[in-house]
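**Student:** Provided herewith is a single structure, encoded as structure tokens, for subsequent inquiry.
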Amino acid sequence: MEKVYLTSGINNCGGRCIIKAHVVDGKIVKLTTDSSDGKNGTPPLCSCTRGKQYIETFLGDNRLKYPMKRVGERGEGKFVRISWKEAVDIIIAEWKRIKKTYGVGSRYVNYATGVSALMKGNVLAKRLLALDGGFLDSYNSYSTACISTATPYTYGTNLTGNSLEDWVNSKLIILWGHNPVETRFGTALWHLKQAKEAGAKIIVVNPRYSDTAKAFADRWIGLKPATDSALMDGMAYTIYTENLHDQAFMDKYCIGFDSKHMPEGYDGKESYLSYLLGEKDGIAKTPKWAAKITGVDEDTIIKLAREYATSKPAALVQGYGPQRHANGEQNVRSGTMLACITGNVGISGGWACGMGSVERHKSPSFPVKENPYKAKIPCFLWTDAIIRGSEMTSKNDGVRGSERLDGNIKMILNLASNTLLNQHSDINRTIEILKDTSKCEFIVCSDLFMTPSAKFADILLPGTSMFEGENITMPWGYGDYLLYNQKVIEPLYECRFEYDWLCEVAEGLNLKGQFTEGHNSVRDWLKTLYEALRKKESELPEFEIFASNGGYQYKNNPTVIAFKKQIEDLEQNPFPTPSGKIEIFSETLFKMNKPEEIPAIPKYVASFEGVDDALRKKYSLQLIGWHTKRRTHSTHDSNSALEKIEKQRAWINAKDAERRNIKNNDLVEIWNDRGVIHIPAFVTERIVEGVVAVSQGAWYTPDSGGIDQRGSINVLTTSKPTPLAKGNPQHSNLVEVKLAR
Ligand SMILES: Nc1nc2c(c(=O)[nH]1)N[C@H]1C(S)=C(S)[C@@H](COP(=O)(O)OP(=O)(O)OC[C@H]3O[C@@H](n4cnc5c(=O)[nH]c(N)nc54)[C@H](O)[C@@H]3O)O[C@H]1N2
Ligand SMILES: Nc1nc2c(c(=O)[nH]1)N[C@H]1C(S)=C(S)[C@@H](COP(=O)(O)OP(=O)(O)OC[C@H]3O[C@@H](n4cnc5c(=O)[nH]c(N)nc54)[C@H](O)[C@@H]3O)O[C@H]1N2
Ligand SMILES: [Mo]
């Protein structure tokens, strides 16, 4: 007899969809998904090709089956099977030894998104470490470091998005480095379809002619990577000089746009307008000026500017691609400036730009205990904290909570993460750091597969997949639902959910009671956390109903328009910025006193390893990555069936290929000072000249000479952080390309 269980993917795909697992005799025989059509107003939560492949990806013979201990050199990938008891005993012993020898601040839990549901190993581990005296915590994410840092300098908050059903009210939608057809963002794709059907014109700005451009765009504007702010300045110049801007809006709600609206005591020459017109540096930021930097021709810039300023209301929506650059903070603030000068803030059909988060419903969260150790690092700087933690300061490295760190990282728990190697920048540098066991002395990994990161574990533990346990899955910002992961099958082999062995570690530390707070199972915890949420979200049904229905899609979703209150009555509702207004000029940024890297106004700042870096003499091509439909980060790379929806290839413009005698599908070598990869070429007009693109997430697979054979972009990316956010500039890289062999 067939039984159907309701569940959902728990990886960090921006979309979280309904998965129905059909089980016969304890075996999953097929997966189906949500078949609703969205006609009742709630977006369908149907899976894409990745979701349909969860059996092949997660339940194959390539799973890690038993706990293991490293026997060879670290990173060599040689392990022997051990018992769970031995694994837990070793973890407890090392945990205590490292605490005693180096102090609590030497213990670190790596950034991890392999389990992005409510109960997840990394958060649980942090809870236990906090109970045990503390650990070095981190802030930021690899997703949104720059955009979430920069947006509040303008608006005081990251809640700058309208709820997406409002897109149908936009006359024009500019998807700026945003690619929801391939790169899922909650239910954004469905709302985009609705908007298109309602007649919105759609323009895509992206160095690549993405699937979104192909499926939706009336026009594609291909620019050179990391030149977005120059394009936006050029647009602002046209909008201002043709008097298409909303002066009344700027006068009333903004500070720092022009010399008349500067904060007290500041020279008018520091204003945005003064920069735009070249009053200080003698360079007017004309479309002609912008064309030279961006590679977009002058007429296209002028036309785009006029269209955006006159098609009111219009939504210029920023993806996260442009901010994963060396100057990633700047284009975020440039976007917010454009939204303001066109008066598209606080209105239906408009969009304020920046982070664009919407909080319509509260999310459940797991209670991490207060961490007694106060210092935090930006999550991108963990390799630095292994080799020079004791030198890292708040001033130079963005350390928060303390002036400096008091030591180096000595223990890492890397649970459901491939960021220990594959997803972090500069793989060869990371290998050098990790392979020296005198630096970081102890590494625990829990994963489903022998990933490039897993090979660097001292203790390697087999985790359970989405089918093998219960959880609650929450969508990204744009989605009004919670999904329940019913347990579909028993854990395979000796696999265990991270919570189960962490409870045993807690017991060995005499912290079990505090760690579990009396909960006997994951389900018990989920119930407690859900009930806490239900106090805030009264529409939610009782836990048992929620769990047996596989989750809940909210019906009561009042439309949110960001800053509507502020625009209607600024006196009563000031912006949550220091000045109470929209800060085109930020005094806080000004006082950082680094005008070249971190200007007080949004303006084009040349990116390192960007279009005008002197290094281009050696490495003439800009290399960007993107989030492909073929994977969720590195997850699914082990499933070769998905190769048919997108092959791992390097996109290269036909002219650049011709110069190098490269034909479509030729194996090419891409290199820079950091490393070398071999990958087939995709020779195409779908990418602008001078740019190469390799999708992120392929598993690093070196040959005996250390040349990656799979096309893992992080062999080529830099570990140098961005100036303000100290984020990951993983799309800013200079490389050269030639035929391989
Ligand atoms: N060059 C470049 N690098 C990037 C990015 C980029 O754009 N360019 N993007 C960055 C971004 S935005 C992010 S969020 C990070 C993501 O980086 P990660 O958080 O490392 O995400 P994944 O690669 O999906 O890896 C998650 C790991 O969890 C494992 N896993 C999957 N399901 C389960 C499970 O149920 N249980 C357990 N225990 N393990 C599981 C997978 O096998 C995988 O090894 O990558 C960042 N890295
Ligand atoms: N299928 C799939 N969906 C996902 C994920 C996944 O791994 N797979 N990951 C999820 C996660 S954790 C995240 S954080 C998000 C990531 O979402 P994003 O960060 O938005 O995704 P990216 O693909 O890195 O960037 C978006 C687009 O920006 C373009 N781009 C790169 N550089 C520039 C530039 O300088 N200027 C402009 N204008 N465009 C540029 C890229 O070509 C790309 O198409 O996606 C989520 N959704
Ligand atoms: Mo992300």
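The values are calculated or read from the model by the stated rules, or taken from the named source; none is laboratory data. Model, not experiment: these values are computed from the prediction. Heads up, the Cβs are rebuilt from the backbone with ideal geometry, glycines too, and the neighbour counts pull from every protein chain shown.
**Student:** Every residue in segment 13-33 that is surrounded by 21 or more Cβ atoms within 10 Å (Cβ to Cβ) and either within 14 Å of ligand 1 (Cβ to nearest atom) or in a loop (DSSP other than H, G, I, E, B) (or both), please.
**Tutor:** 13, 14, 15, 16, 17, 19 - these are the residues of segment 13-33 that are surrounded by 21 or more Cβ atoms within 10 Å (Cβ to Cβ) and either within 14 Å of ligand 1 (Cβ to nearest atom) or in a loop (DSSP other than H, G, I, E, B) (or both).
**Student:** Given the condition in contact (Cβ under 8 Å) with a residue 24 or more places away in the chain and in a helix (DSSP H, G or I), answer yes or no: does some residue in segment 105-112 qualify?
**Tutor:** Looking for residues that are in contact (Cβ under 8 Å) with a residue 24 or more places away in the chain and in a helix (DSSP H, G or I), one finds at least one in segment 105-112, hence yes.
**Student:** Looking only at segment 94-122, count every residue that is of a type outside the set (Ser, Thr, Tyr) and more than 16 Å from ligand 2 (Cβ to nearest atom) and tell me the total.
**Tutor:** So the count comes out to 15.
**Student:** For segment 205-220, give me each residue that is surrounded by fewer than 22 Cβ atoms within 10 Å (Cβ to Cβ) and under 16 Å from residue 685 (Cβ atoms).
**Tutor:** 209, 211, 214, 217, 219, 220
**Student:** One residue is enough: does segment 259-272 have a residue meeting the conditions of a type outside the set (A, V, I, L, M), within 20 Å of residue 355 (Cα to Cα) and not assigned by TED's automatic domain parsing to the domain that holds residue 682?
**Tutor:** Scanning segment 259-272 turns up no residue that is of a type outside the set (A, V, I, L, M), within 20 Å of residue 355 (Cα to Cα) and not assigned by TED's automatic domain parsing to the domain that holds residue 682.
**Student:** Another question about this same structure. Does segment 28-36 contain at least one residue that is modelled with pLDDT under 95, within 16 Å of ligand 3 (Cβ to nearest atom), outside the structural domain of residue 183 (by TED's automatic domain parsing) and within 23 Å of residue 468 (Cα to Cα)?
**Tutor:** Checked segment 28-36: no residue is modelled with pLDDT under 95, within 16 Å of ligand 3 (Cβ to nearest atom), outside the structural domain of residue 183 (by TED's automatic domain parsing) and within 23 Å of residue 468 (Cα to Cα).
**Student:** Do you know which residues across segment 599-643 are of a type in the set (D, E, K, R) and within 30 Å of residue 446 (Cβ to Cβ)?
**Tutor:** Listed by number, the residues that qualify are 629, 630, 631, 637, 643.
**Student:** When the residues of segment 625-664 are filtered to those that are in a helix (DSSP H, G or I) and crowded, with 20+ Cβ neighbours inside 10 Å, which remaining residue is farthest from ligand 3 (Cβ to nearest atom)?
**Tutor:** Applying the filter and picking the extreme gives 657.
**Student:** Going through 138, 210 one at a time, which residue ends up being within 16 Å of ligand 1 (Cβ to nearest atom) and in the same structural domain as residue 111 (by TED's automatic domain parsing)?
**Tutor:** 138
**Student:** Looking only at segment 41-56, decide whether some residue is among the hydroxyl-bearing types (Ser, Thr, Tyr), in contact (Cβ under 8 Å) with a residue 60 or more places away in the chain, under 21 Å from residue 632 (Cβ atoms) and buried (at least 17 other Cβ atoms within 10 Å of the Cβ). Break it down into steps so the answer makes sense when it comes.
**Tutor:** First pass over segment 41-56, keeping only residues among the hydroxyl-bearing types (Ser, Thr, Tyr): 42, 47, 49, 54.
Checking which are in contact (Cβ under 8 Å) with a residue 60 or more places away in the chain leaves us with 42, 49, 54.
Okay, now just the ones that are also under 21 Å from residue 632 (Cβ atoms), so 49, 54.
Going one step further and asking which of them are buried (at least 17 other Cβ atoms within 10 Å of the Cβ), we end up with 54.
Yes: segment 41-56 contains one or more residues that are among the hydroxyl-bearing types (Ser, Thr, Tyr), in contact (Cβ under 8 Å) with a residue 60 or more places away in the chain, under 21 Å from residue 632 (Cβ atoms) and buried (at least 17 other Cβ atoms within 10 Å of the Cβ).
**Student:** Taking segment 51-69 on its own, how many of its residues are in contact with a helix residue (DSSP H, G or I) (Cβ under 9 Å, 6 or more places away or on another chain) and within 20 Å of residue 418 (Cβ to Cβ)?
**Tutor:** 6
**Student:** For the list (1) modelled with pLDDT under 95; (2) surrounded by fewer than 21 Cβ atoms within 10 Å (Cβ to Cβ), I need the number of the one condition that residue 491 fails.
**Tutor:** The failed condition is (1).
**Student:** Which residues, counting only those in segment 674-689, are in contact with a helix residue (DSSP H, G or I) (Cβ under 7 Å, 6 or more places away or on another chain) and either closer than 17 Å to residue 295 by Cα or in the same structural domain as residue 215 (by TED's automatic domain parsing) (or both)?
**Tutor:** Hits for segment 674-689 are 685, 689.
**Student:** I'm trying to understand the selection: among the residues of segment 367-394, which are loosely packed, with under 14 Cβ neighbours inside 10 Å and at pLDDT below 95?
**Tutor:** Matches in segment 367-394: 367 only.
**Student:** Take residue 707 and tell me if it is without any contact (Cβ under 8 Å) to a residue 40 or more places away in the chain, touching a helix residue (DSSP H, G or I) at 6+ places or on another chain (Cβ under 9 Å), assigned by TED's automatic domain parsing to the domain that holds residue 628 and within 16 Å of ligand 1 (Cβ to nearest atom).
**Tutor:** No.
**Student:** Please state which one of 494, 539 is within 16 Å of ligand 1 (Cβ to nearest atom), part of a loop (DSSP other than H, G, I, E, B) and not hydrophobic (A, V, I, L, M, F, W, C). Outline the logic, then answer.
**Tutor:** Numbers: 539 fails: within 16 Å of ligand 1 (Cβ to nearest atom).
494 is the lone residue from the list that is within 16 Å of ligand 1 (Cβ to nearest atom), part of a loop (DSSP other than H, G, I, E, B) and not hydrophobic (A, V, I, L, M, F, W, C).
**Student:** Say we look at segment 497-515 and pick out the residues that are in a loop (DSSP other than H, G, I, E, B) and out of contact with any Gly (no Cβ under 8 Å at 6 or more places or on another chain); which of these is nearest to residue 370 (Cα to Cα)?
**Tutor:** Filtering segment 497-515 for residues that are in a loop (DSSP other than H, G, I, E, B) and out of contact with any Gly (no Cβ under 8 Å at 6 or more places or on another chain), the one nearest to residue 370 (Cα to Cα) comes out as 511.
**Student:** Restricting the search to segment 687-710, which residues are surrounded by 19 or more Cβ atoms within 10 Å (Cβ to Cβ) and not small (Gly, Ala, Ser)?
**Tutor:** Answer for segment 687-710, where residues must be surrounded by 19 or more Cβ atoms within 10 Å (Cβ to Cβ) and not small (Gly, Ala, Ser): 687, 688, 691, 692, 694, 696, 699, 700, 702, 708.
**Student:** State all residues of segment 147-182 that are of a type in the set (Ser, Thr, Tyr), in contact with a helix residue (DSSP H, G or I) (Cβ under 8 Å, 6 or more places away or on another chain) and within 16 Å of ligand 2 (Cβ to nearest atom); if no residue qualifies, say none. Spell out the reasoning first.
**Tutor:** We begin by selecting, within segment 147-182, every residue of a type in the set (Ser, Thr, Tyr); these are 148-149, 151, 153-155, 157, 160, 163, 170.
Right, trim to in contact with a helix residue (DSSP H, G or I) (Cβ under 8 Å, 6 or more places away or on another chain) and you get 149, 151, 153-155, 157, 160, 170.
Result: 149, 151, 160.
**Student:** Quick check on this structure: which one of 187, 154, 160 is modelled with pLDDT under 95, β-branched (Val, Ile, Thr) and either buried (at least 24 other Cβ atoms within 10 Å of the Cβ) or under 20 Å from the mean Cα position of the chain (by Cα) (or both)?
**Tutor:** 187
**Student:** Also, quick follow-up: Going by the structure shown, is residue 495 assigned by TED's automatic domain parsing to the domain that holds residue 106, in contact (Cβ under 8 Å) with a residue 12 or more places away in the chain and more than 28 Å from the chain's Cα centre (by Cα)?
**Tutor:** So residue 495 fits the description; yes.
**Student:** While we're on this one: Somewhere in segment 94-111, is a residue of a type in the set (A, V, I, L, M, F, W, C) and under 28 Å from the mean Cα position of the chain (by Cα)? Full working, then the answer.
**Tutor:** Within segment 94-111, the first condition is being of a type in the set (A, V, I, L, M, F, W, C), and the residues that meet it are 95, 98, 104, 109.
If we keep only those that are under 28 Å from the mean Cα position of the chain (by Cα) as well, we get 109.
Yes, because at least one residue in segment 94-111 is of a type in the set (A, V, I, L, M, F, W, C) and under 28 Å from the mean Cα position of the chain (by Cα).
**Student:** Now a separate question. Condition check: part of a loop (DSSP other than H, G, I, E, B), touching a His at 6+ places or on another chain (Cβ under 9 Å) and at pLDDT 95 or above. Does residue 57 satisfy that?
**Tutor:** No: the conditions fail for residue 57.
**Student:** Could you check, for segment 50-58, whether at least one of its residues is more than 16 Å from ligand 2 (Cβ to nearest atom) and either of a type in the set (Val, Ile, Thr) or farther than 26 Å from residue 643 by Cβ (or both)?
**Tutor:** The answer is yes, given that some residue of segment 50-58 is more than 16 Å from ligand 2 (Cβ to nearest atom) and either of a type in the set (Val, Ile, Thr) or farther than 26 Å from residue 643 by Cβ (or both).
**Student:** Filter segment 315-374 for residues that are within 16 Å of ligand 3 (Cβ to nearest atom) and of a type in the set (D, E, K, R) and give the result.
**Tutor:** 324 - this is the single residue of segment 315-374 that is within 16 Å of ligand 3 (Cβ to nearest atom) and of a type in the set (D, E, K, R).
**Student:** Moving on. Condition test on residue 181, is it in a loop (DSSP other than H, G, I, E, B), surrounded by fewer than 24 Cβ atoms within 10 Å (Cβ to Cβ) and more than 16 Å from ligand 1 (Cβ to nearest atom)?
**Tutor:** So residue 181 fits the description; yes.
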